[in-house]
Amino acid sequence: MTQLFKMAFRDLGRNKRRSLLSALAVSVGMALLLLMAAIVDGEMRGALENTIRLESGHLQIRPLDYNENKTSLKWEDLIAAPREVIAQVKTIPQVTEATPRLFASGIVTRGENSSGVQIIGIDPASPANQIFRDGLLEGDFISAEDREGILIGKPLARKFNLKAGDQVNLLVNKSEGDVDEQLFTVRGIYTTNTVGYDERSVFMPLDKAQAFTGAGDHATIIFITLQDREQADTVAAALNSSTLQVVTWVKMNELIMQFEDFAGAYMVVLYIIVLGITATVVTNTLVMAVFERTREIGILSAIGMKAPRIMAQFLLEGALIATLGIVGGLIFGGALVWYFTVYGFFIGDMGMTGILMGDQIYAHLTVGDTINLAIAAYLITLVASLYPARIAARMEPVEALHG
Amino acid sequence: MEVTKIINATRVFKIGQMETHALRGVNLTINSGEFTALVGPSGSGKTTLLQLIGLLDQPTTGSVFINGRDVTKFNRNQRADLRRGTIGFIFQFFALIPTLTAYENIEMPLLLNGMGAVERKTRVNEMLAAVGLTDRAHHRPDQLSGGQQQRVAVARALSINPTFVLADEPTANLDTENGRQVMDIMKKLNKETGVTFVFATHDPRVIGYAERVVTLEDGMIVGQA
């Protein structure tokens, strides 16, 4: 084995440039695999976390007939006395926060411009809404007592050329089916770095939203966060009610899960393409080596080296190229992944209906994925070495000796 | 004692529709300790006959015996096993592995035979001394002259204590002096170790070393002396 290893190592050294280029192909392939896996994982992870933080929470309590595609403000479609429900929810130890939200559809108008928005009545003091407070770009956050202030997102502010302190007209569909409008002051402008969400979400205190829409002491949903999202099923079971439904983040984010599965399948195709190109380079290198060394194969065969050992010789050369390439790929790809994990990259508004993607993707790579991809690249390179190794092993000594 | 015997061997090569009769019913027996030359013009079948004796090729018809055993129908692996422990080869071109040193080239067949490290080292050093290349042990082929390379090939062929050594035009690519040196070493080792040598040549100076000369023409043995 030592001799085989020594020969394989020296044989690769005969044409250093070619061997290094082959290893480089494996390195680039490996780095690409890592980067692609990290970006897709980061994208999916970011979208899920974003959606949980902004929209779904870990659990939601909803009215039994809740329809997320229709914003109904009829009292029978809302949760009555939400603060009482929340008081009960908060008795469960795994619950870190429960807060009411009231949704209403409205239209912002200013001068000639208008835009459809979702008005969200929130409890400004709730830690679940800290994300909007943290994202405040200018002005102040709304307070529970505020009756004229609203919070608008950066894209909407840009569209209407608004700044904190400016006034806009807000028209709302009311509980009774009629509409009402009122002049509001832009108390603050926020960003969650999720363009699709920020351009349509206008916040006001829950009490004001209830009064403005005629919803009385009602909320559309109770937004709940837990210590650990894996506790969702357990807590949902504990909150079981005959008059309200409890929905977990898994159920609410089915589209993201499906999209993740689709992305996973799509990535496998991309992996195969990248590894296929890498494998072709390695095969080509070793086939050239076999034909250049035909006479040597004949000599080794003549002195009694059997086909499996000749095959092992070329497989070992493939393994050495794979090792060098994969180590290089891990270093190069690791550096790229690190950069995009720390700094991310801007994608702008890539959100889709039901999926809230941030405008920045941060790469995320697990040790498991890294190991799996390294093993896959290693095995593919070995498989790529099989064809030239078989050519070498099947050469008849008498023909090989003639070169 | 006969080490190899060829009975009525033919070898036909087919290239497309064309058949070339390289050997046409050859009968030959080589006895232990012989120093035999196969002579004849190019295309007479010398190399083909050596390849049959060396189990690098198989006859189209006829039989090949090694040490009294019929090996005609041996498969590829059986032939490789037999070659590894029984037959030494010296080729016309300096058939060394370019990435290995002289020492490692001689060591290779011993490794394939599974010889232990200590025994191997002793044997390689003995062979290097026998061909006068102890001081060139760690040189690679491209750092050796043609004559030195062929001497390494002789040492490699003899390292396994073969039953016989087959040499195909061993001096064809050497100048007179180097050719003489290689033949002197082969002859000396034949005398000292008793190993059988069969070599193909058409060089009259080399034929002079042979104790027995087998002449081939058009794939047939036409004379023995």
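The values are calculated or read from the model by the stated rules, or taken from the named source; none is laboratory data. Not measured: the values here are computed from a predicted model. Heads up, the Cβs are rebuilt from the backbone with ideal geometry, glycines too, and the neighbour counts pull from every protein chain shown. Only protein heavy atoms, including side chains, enter the accessible area calculation; ligands, DNA and RNA are left aside. Shrake-Rupley method; radii C 1.70, N 1.55, O 1.52, S 1.80 Å.
Which order do B:18, B:220, A:357 take by accessible area at a 1.4 Å probe, largest first? List each step's numbers first, then the result.
Working: B:18 125, B:220 85, A:357 10 Å².
Greatest to least solvent exposure: B:18, B:220, A:357.
Summing Lys, Arg as +1 and Asp, Glu as -1, what charge do residues with Cβ under 13 Å from the Cβ of residue A:241 carry, residue A:241 excluded? Write down the numbers at each step before the final one.
Working: positive: A:62; negative: A:84.
It works out to a net charge of 0.
Under the rule a/c < 1.5 gives rounded, and otherwise a/b versus b/c splits prolate from oblate, where does segment A:96-205 land using the Cα gyration tensor? Write out the running numbers ahead of the final one.
Values: a/c = 1.59, a/b = 1.15, b/c = 1.37.
Verdict is oblate for segment A:96-205.
Taking chain B as a Gaussian network, where each spring joins two C-alpha atoms under 10 Å apart, which residue of B:17, B:150, B:51 fluctuates the most?
In this elastic network of chain B, the residue with the biggest mean-square fluctuation among B:17, B:150, B:51 is B:17.
Under 19 Å Cα-Cα from residue A:154, which lysines qualify once same-chain neighbours fewer than 8 residues away are excluded?
Reachable lysines: A:163.
If you average 1/r over all unlike Cα pairs in segment A:192-238 and invert the result, what Kirkwood radius do you get in angstrom?
Numbers: mean 1/r = 0.0730 Å⁻¹.
It is 13.7 Å.
Say the cut-off is 19 Å between C-alpha atoms; which of A:70/A:90; A:174/A:208; B:46/B:191; B:5/B:46 go over it?
Numbers: A:70/A:90 28 Å; A:174/A:208 13 Å; B:46/B:191 24 Å; B:5/B:46 15 Å.
Over 19 Å Cα-Cα: A:70/A:90; B:46/B:191.
What does the charge count near residue A:297 come to, summing +1 for each Lys or Arg and -1 for each Asp or Glu among other residues with Cβ under 15 Å from its Cβ? Working shown, then result.
On the way: positive: A:14, A:293, A:295, A:306, A:309, A:390, A:394, B:76, B:83; negative: A:11, A:292, A:296, A:317, A:396, A:399.
Cβ neighbours under 15 Å give a net charge of +3.
Work out which helices of chain A, taken as complete DSSP H runs, extend at least 20 Å along their axis over the Cα atoms and score a mean Kyte-Doolittle of 0.5 or more, then list them. List each step's numbers first, then the result.
Working: long enough: A:16-51 (51 Å, 0.79); A:254-292 (57 Å, 1.45); A:307-342 (51 Å, 1.49); A:367-393 (37 Å, 1.33).
Long hydrophobic helices here: A:16-51, A:254-292, A:307-342, A:367-393.
Go ahead and set up a Gaussian network model of chain B, Cα springs under 10 Å, then flag whichever of B:59, B:170, B:98 fluctuates most.
With Cα springs under 10 Å in chain B, the top fluctuation among B:59, B:170, B:98 is at B:98.
Using the heavy atoms of the protein chains alone and a 1.4 angstrom probe, what is the accessible area of segment A:65-242 per residue in square angstrom?
Values: 8180 Å² over 178 residues.
Per-residue value: 46 Å².
Considering the Cα trace of segment B:76-136, what is its radius of gyration and what is Dmax, both in angstroms?
12.4, 38
Rank B:33, B:114, B:179 by mean-square fluctuation in a GNM of chain B with C-alpha springs under 10 angstrom and give only the top-ranked residue.
Sorting by GNM fluctuation, first place goes to B:114.
Please give, to one decimal in nm, the separation of the simple spin-label points placed at residue A:280 and residue B:193, each 7 Å out from Cα toward the Cβ.
Result: 5.1 nm between the two label points.
Hydropathy first: keep DSSP H helices in chain B averaging at least -1.0 on Kyte-Doolittle, then drop any whose Cα extent along the axis falls short of 18 Å, and list what survives.
On the way: long enough: B:117-130 (19 Å, -0.33); B:146-159 (19 Å, -0.25); B:176-193 (25 Å, -1.26).
Result, helices passing both filters: B:117-130, B:146-159.
What does the structure give for B:75-85 when I average, per residue, the other chain Cβ atoms found within 10 Å of the residue Cβ?
Details: counts 0, 6, 3, 0, 4, 9, 2, 1, 6, 5, 1.
Mean shielding count: 3.
Let a ≥ b ≥ c be the square roots of the eigenvalues of the Cα gyration tensor of segment B:98-225; is it rounded (a/c under 1.5), or, if not, prolate (a/b larger than b/c) or oblate? Walk me through the numbers before you get to the answer.
Working: a/c = 2.18, a/b = 1.63, b/c = 1.33.
In terms of gyration-tensor shape, prolate.
Would you mind giving the mean number of other chain beta-carbons within 10 Å of the Cβ of each residue in A:103-115, as a whole number?
Details: counts 0, 0, 0, 0, 0, 0, 0, 0, 0, 0, 0, 0, 0.
The mean count of partner-chain Cβ atoms within 10 Å per residue comes to 0.
Ranked by accessible surface with a 1.4 Å probe, highest first, in what order do B:24, A:394 come?
On the way: B:24 120, A:394 150 Å².
Descending accessible area places them as A:394, B:24.
Can you tell me, using C-alpha contacts under 8 Å and at least 6 residues apart, the relative contact order of segment B:99-225 as a whole percent?
Details: 146 pairs, mean separation 27.3, N = 127.
Relative contact order for segment B:99-225 comes out at 22 percent.
Taking only DSSP H segments of four or more residues, each worth -39500 (n - 2.57), what value at 222 nm results for chain B once the sum is divided by all its residues, to the nearest 500 deg cm²/dmol? Show your work: numbers first, answer last.
Details: 7 runs with 80 residues, N = 225.
Mean residue ellipticity at 222 nm (helix-derived): -11000 deg cm²/dmol.
Residue by residue through segment B:197-209, which ³J(HN,Hα) values in whole Hz follow from phi under the Karplus form 6.51 cos²θ - 1.76 cosθ + 1.60 (θ = phi - 60°), with glycine and proline marked x?
So the J values, rounded to whole Hz, are 10, 10, 9, 9, 7, 10, 8, x, 5, 6, 4, x, 7.
Sequence gap at least 6, Cα distance under 8 Å: using those rules, report the relative contact order of chain A to the nearest whole percent.
This gives 28 percent for chain A.
How far apart, in nanometres, would the label points at residue A:67 and residue A:309 be if each is projected 7 angstrom from Cα along the Cα-to-Cβ direction?
7.9
Scale the Cα Rg of segment A:43-159 by the rule-of-thumb value 2.2 N^0.38 Å and send over the ratio, two decimals. Walk me through the numbers before you get to the answer.
Values: Rg = 15.8 Å, N = 117, 2.2 N^0.38 = 13.4 Å.
For segment A:43-159, the normalised Cα radius of gyration is 1.18.
With an 8 Å cut-off on Cα pairs and a minimum separation of 6 or more residues, tell me the relative contact order of segment B:2-224 in percent.
Working: 453 pairs, mean separation 68.3, N = 223.
Dividing the mean separation by the residue count of segment B:2-224 yields 31 percent.
Mind pulling up the Rg/Rh value for the protein assembly as shown? Radius of gyration and Kirkwood radius, both on Cα. Each step should come with its number before you reach the end.
Working: Rg = 42.2 Å, Rh = 31.4 Å.
Reported Rg/Rh, Kirkwood definition of Rh: 1.34.
Quickly work out the residue A:136-to-residue A:270 label distance, labels modelled 7 Å from Cα along the C-beta direction, and quote it in nm with one decimal.
In this crude spin-label approximation the distance works out to 3.9 nm.
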